[in-house]
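Below is one structure, written out as structure tokens; the observations come after it.
Please treat every number below as a calculation from the coordinates, not as lab data. Everything numeric in this text was worked out from a predicted model, so none of it was measured. A quick note on method: Cβ atoms are made from the backbone with ideal geometry, for glycine too, and the neighbour counts reach across all protein chains shown.
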């Protein structure tokens, strides 16, 4: 009797008959032939054929399944069509494995092809010849080891104070050179802060003789990442365990009104982009165009001209070839150059192509707008009024340009600063590139997102107990990142460690709703969003409070809003909703809190062919209903949605896509998550190409009234170049085999998408 199976990678696992049964039943569903009872009988025949083999391989078992399906009869019924479906699926999986092998990736976590593409391009370590030298699991282990080793420092601090060792203390033994570098750097940070005693050599002796909890936390961190329950931001994945060591995604830099200040900021921007971070700036301090320059008696060129210098620099740096540079440029509504700023972007995205731009607005602006009043445009250098302009004129220009080019968005500065927990340190005037992280000048933040799709159990229930465990582990992980970080600029280190902001967010929310059979554009969905985010926010606060008791409050806590409330916190903020970008591709889930963008589309692959890709939850649902077919999937791929597809209306509601959703539901969802989020929410308010300027104005005003911290819209086709298109790319002709049918050339009418597209940012500038 067979008891074990040899997998393709050589590992041996217990034999499970039910896996064979389910594989056969899925093939039956796809061709509407056979029942679960039939599948069980056919699986029994497969097992009988295996009785003389102790450890068959996966390939051997699949060969037998094919033969049984081709030759067996039950009550006179044959299953050759089921065999064909099984063979096609098997061949598709083989093609995907070959694609991964072409990329040189050994996929030890069974990730999607798209996940492997992204990992190969940006995250997995390579040798000097460009050959990949780690697997996805090893990548997560590298990250966990870099971050988790920080726990040893806090164990040492506790031991010096109390003489107590942590529970499950283990002798680490010899640490790696990279870990020693991390520990030495973090030890230096803590020495500067006055929270650690002794010498580094004494500390190293402690971990090699007394033991720490670092090993158990390294294992825990690896577990939550390799299971895809939680994934940190891209710089952490790319740089942890390497010499670069810069782990944060979000930065804000000040732009002072002098050549020296501007180019100092430009230099720091280059350092940040080189390490994989994104930067945000307020250019509102710069004197306006044609203003006098005292040192030369010449005239100033204005904020927009300097933004173009930042843009070119970003383009040149290219972030080490791993990530494109991304910036946020903000100009306050009352700056004399505001109209030039509003009109600066173009629909072809050739001007300021590495910038998202937003107008900084306050409550006063909306008061003037409502009263049809004038805005005083004030020179930031002289504080004198240079011009007066109707608020309505500014507003109409913003709306018109957003309709044309998707820029500018709005940043609600008063709302941001009302919720600023560290007013004692300063006011916030800018955000990171996608707007979810309002930050002080020289402040940075590291992010990570929980995959909500992983927490739906039994079809209709959210596992809050397991979610709580992940929130606590992820909060600890992100706090450790601050200490493990190698900051690119000394001032950034100082401010970041003063406020200790972290940004725990979510992805896979649309997948969660689909699993719960709740339409995205419904009150029930808003209730789920409220329930889940309030839980995560509350639990992350509790976790931060526990860390404060264990490690101490963040240094700027004294005088902060938290101190006024009498709540000890380790981190001044704990939650952020980022767009998730490529990390949601790695996790194989929907982006951030965005709805599904397309249910089926054609994806380009490395060998020049194209794969018909179907949302796995949609495929499962159609198989469950017994309506799955290649023809149906191709029909859906024509538009990416079910609008013109004859299918159950309830299914249409559950699998609603981004452009089918009224913009007001998008804003309502953003506002719901914002209510239970310390920082900001990055959310694309997707609109159809026929959306009007009034639709955009309504969304912008609604976001303000519902206490969002910012808003961005994207009207389909408002950019002449966008990532998702009805493409016309030619493909290589496939081999003349029926089983390659899935990768044949698709007609031009099908939606086509590249290998790293993420709907959280259709313009391709928000990349976490």
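Across the range 250-418, the mean sequence separation of Cα contacts (distance under 8 Å, 6 or more residues apart), normalised by length, yields a relative contact order of 20 percent. The distance from the alpha carbon centre of the range 73-123 to that of the range 587-602 is 20 Å, rounded to a whole number. Using only the alpha-carbon atoms of the range 250-418 as identical scatterers, what base-10 log of I(q)/I(0) does the Debye formula give at q = 0.08 Å⁻¹? So the normalised log intensities work out to -0.24.
Rounded, prolate or oblate: which fits the range 4-102, taking a ≥ b ≥ c as square roots of the Cα gyration tensor eigenvalues, rounded meaning a/c under 1.5, else prolate when a/b beats b/c? Note, shape of the range 4-102 comes out oblate. Apply the a/c threshold of 1.5 to the C-alpha gyration tensor of the chain and tell me whether it is rounded, prolate or oblate. Cα axes put the chain in the oblate bin. Over 16 Å, how big is the tail of the calculated P(r) for the range 135-226, in percent of all Cα pairs? Counting pairs separated by more than 16 Å, the tail of P(r) holds 52 percent. Maximal additional length on extending the residue 133-residue 299 stretch stands at 54.3 nm, based on 0.36 nm per residue less the C-alpha distance. Computed over the chain, relative contact order equals 13 percent, with contacts defined as Cα pairs under 8 Å that lie 6+ residues apart.
Taking 0.890 mPa s as the viscosity and 25 °C as the temperature, the Stokes-Einstein diffusion coefficient of the range 388-429 based on its alpha-carbon Kirkwood radius rounds to 199 µm²/s. If you plug the beta carbon distance of residue 367 and residue 647 into 1/(1 + (r/R0)^6) with R0 = 56 Å, you get a FRET efficiency near 0.70.
Take the alpha carbon atoms of the range 608-653, find their center, do the same for the range 375-434, and report the distance between the two centers in whole angstrom. So the separation of the two Cα centres works out to 43 Å. Rounded to the nearest 0.05, the FRET efficiency derived from the C-beta distance between residue 71 and residue 16 at R0 = 22 Å is 0.40. Estimated from the Cβ-Cβ distance and a Förster radius of 41 angstrom, the FRET efficiency linking residue 388 and residue 620 is about 0.10.
The tail of the calculated P(r) for the range 466-579 beyond 22 Å holds 41 percent of all Cα-Cα pairs. By the count of other C-beta atoms within 10 Å, a proxy for reagent exposure, 549, 99, 613, 180 are ordered fewest to most as 549, 180, 99, 613. Taking Cα atoms, how many degrees apart are the long axis of helix 303-317 and the longest axis of the chain, rounded to 10 and kept between 0 and 90? Taking Cα atoms only, the helix is inclined about 40 degrees.
Is the C-alpha gyration tensor of the range 212-349 telling us rounded, prolate or oblate? Criteria: a/c under 1.5 is rounded; beyond that, a/b larger than b/c is prolate, otherwise oblate. Prolate is the answer for the range 212-349, as a/c is 1.5 or above and a/b outweighs b/c.
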